[in-house]
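The values are calculated or read from the model by the stated rules, or taken from the named source; none is laboratory data. A quick note: this is a predicted structure, and the numbers were derived from the prediction, not measured. Reconstructed Cβ throughout: ideal geometry from the backbone, glycine too, with neighbour counts over all protein chains shown.
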């Protein structure tokens, strides 16, 4: 059997924002957006595809490829008006209600920041992570 991975302690968004506002690029940022993904009880297939087999999620095994996440961040940093990005991803056996990930994006105007957050979260979720729902 492989090494068991234990979930991490989530970051403080207050601390993240304080750090972001003190960063050298802060004077160019007019908006920050935060994404906080959380393990939900409703299976992904039901929420995204409408397939309801009656099951409920009890836990999730979560892992990620750090190199792919870094590549996704690098791509997102090239988007118009994006000046600040910070991410945190959990790992291991997660319970319903546990934090899966945090993404903080800072940019010049709302449309740029919204687009970048959508792009990066989608890229991470589809190309960088493995989520295995355990159901009852």
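Can you tell me how many residues in region 94-104 are buried (at least 16 other Cβ atoms within 10 Å of the Cβ) and either over 20 Å from residue 67 (Cβ atoms) or without any contact (Cβ under 8 Å) to a residue 60 or more places away in the chain (or both)?
Looking only at that region, the number is 4.
All but one of (1) over 19 Å from residue 135 (Cβ atoms); (2) without any contact (Cβ under 8 Å) to a residue 40 or more places away in the chain hold for residue 35, so report the exception by its number.
In the conditions (1) over 19 Å from residue 135 (Cβ atoms); (2) without any contact (Cβ under 8 Å) to a residue 40 or more places away in the chain, residue 35 misses (2) alone.
If residue 113 meets every condition in (1) more than 26 Å from residue 9 (Cβ to Cβ); (2) part of a strand (DSSP E or B) apart from one, which number is that one?
(2)
Filter region 12-49 down to residues that are more than 12 Å from residue 106 (Cβ to Cβ), touching a strand residue (DSSP E or B) at 6+ places or on another chain (Cβ under 9 Å), at pLDDT 95 or above and assigned to a helix (DSSP H, G or I), then give me how many there are.
Result for region 12-49: 1.
Being out of contact with any helix residue (DSSP H, G or I) (no Cβ under 8 Å at 6 or more places or on another chain), at pLDDT 95 or above, surrounded by 14 or more Cβ atoms within 10 Å (Cβ to Cβ) and over 15 Å from residue 125 (Cβ atoms): is that true of residue 108 here?
When the stated conditions are applied, residue 108 does not pass them.
Looking for something modelled with pLDDT of 95 or more, closer than 12 Å to residue 62 by Cα and buried (at least 18 other Cβ atoms within 10 Å of the Cβ) - is there at least one such residue anywhere in region 117-125?
Taking every residue of region 117-125 in turn, none turns out to be modelled with pLDDT of 95 or more, closer than 12 Å to residue 62 by Cα and buried (at least 18 other Cβ atoms within 10 Å of the Cβ).
Here is a yes/no grid of residues against (1) under 17 Å from residue 9 (Cα atoms); (2) part of a loop (DSSP other than H, G, I, E, B):
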{"site": "80", "(1), (2)": "no, yes"}
{"site": "83", "(1), (2)": "no, no"}
{"site": "88", "(1), (2)": "yes, no"}
{"site": "93", "(1), (2)": "yes, no"}
{"site": "97", "(1), (2)": "yes, yes"}
{"site": "102", "(1), (2)": "yes, no"}
{"site": "120", "(1), (2)": "no, no"}
